[in-house]
Amino acid sequence: MGTVTIGVSIAVPEPYGSLLQERRAGFGDAAAHGIPTHVTLLPPTEVEAALLPAIEAHLSEVAAAGRPFPMRLAGTGTFRPLSPVVYVQVADGAEACTWLQKQVRDASGPVARELQFPYHPHVTVAHGIDDEAMDRAFEDLSDFEAQWPCTGFALYEQGPDGVWRKLREFAFGGPVVPPQAGRVGRGTIRSR
């Protein structure tokens, strides 16, 4: 059966997912159209394809223990000079993302792994492009804001063409979405 490269992430909903993906492409990031806009919970990880059912079962358990939470993106940040990345910051929901990624990578689970860098939830908007374009991404999206109720996450597989495709969504076990905090502004999604 061989190996596959998987990732687990929280999708940024429409219309903001497409908007950030288009902006990322506009900054010159060639990988933009192959990567759905997301907050990573498990970075690209090579696994035996035969393990996918066990991984899906593990992710179902993680999701069942999770509860919906407010997510808010606001402003930009960068990992430069350590890593050539500009990102939109997770302003609300970072603690929940940190808890989720620990559960996904749990040492007793099928995708236990160490991270190359300490976990920092974010939405990449520029990666590995020239410094001038990175600076432009940092400035142009500095006032970006989006807000939504996060109700689950998804498992993705990277195809041989480099494109990430959703394999399955996992909804949280809790039925209640907490009220959204903060103001509603440009680029904001309100829950009803």
Hits in region 8-51 - residues which are small (G, A, S), crowded, with 20+ Cβ neighbours inside 10 Å and either part of a strand (DSSP E or B) or on the phi > 0 side of the Ramachandran plot (or both): S9
Qualifying residue in region 154-166 (condition: surrounded by 13 or more Cβ atoms within 10 Å (Cβ to Cβ) and at pLDDT below 95): no
Residue count for region 117-140, restricted to those that are more than 13 Å from the chain's Cα centre (by Cα), in a loop (DSSP other than H, G, I, E, B) and free of Cβ contacts under 8 Å to residues at least 24 places away in the same chain: 1
When residues of region 79-95 are limited to those that are in contact (Cβ under 8 Å) with a residue 24 or more places away in the chain and in a loop (DSSP other than H, G, I, E, B), the one farthest from Q147 (Cα to Cα): L82
Unique residue being in contact (Cβ under 8 Å) with a residue 12 or more places away in the chain, surrounded by fewer than 18 Cβ atoms within 10 Å (Cβ to Cβ) and among the β-branched types (V, I, T) when the list is T76, T98, T151: T98
Filter result for D143 (of a type outside the set (V, I, T), touching a residue at least 12 places away in the same chain (Cβ under 8 Å), part of a loop (DSSP other than H, G, I, E, B) and closer than 24 Å to A74 by Cα): yes
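The values are calculated or read from the model by the stated rules, or taken from the named source; none is laboratory data. In this text, all values refer to a predicted model and were calculated from it rather than measured experimentally. Note that each Cβ is placed from the backbone with ideal geometry, even for glycine, and that neighbours are counted across all protein chains shown.
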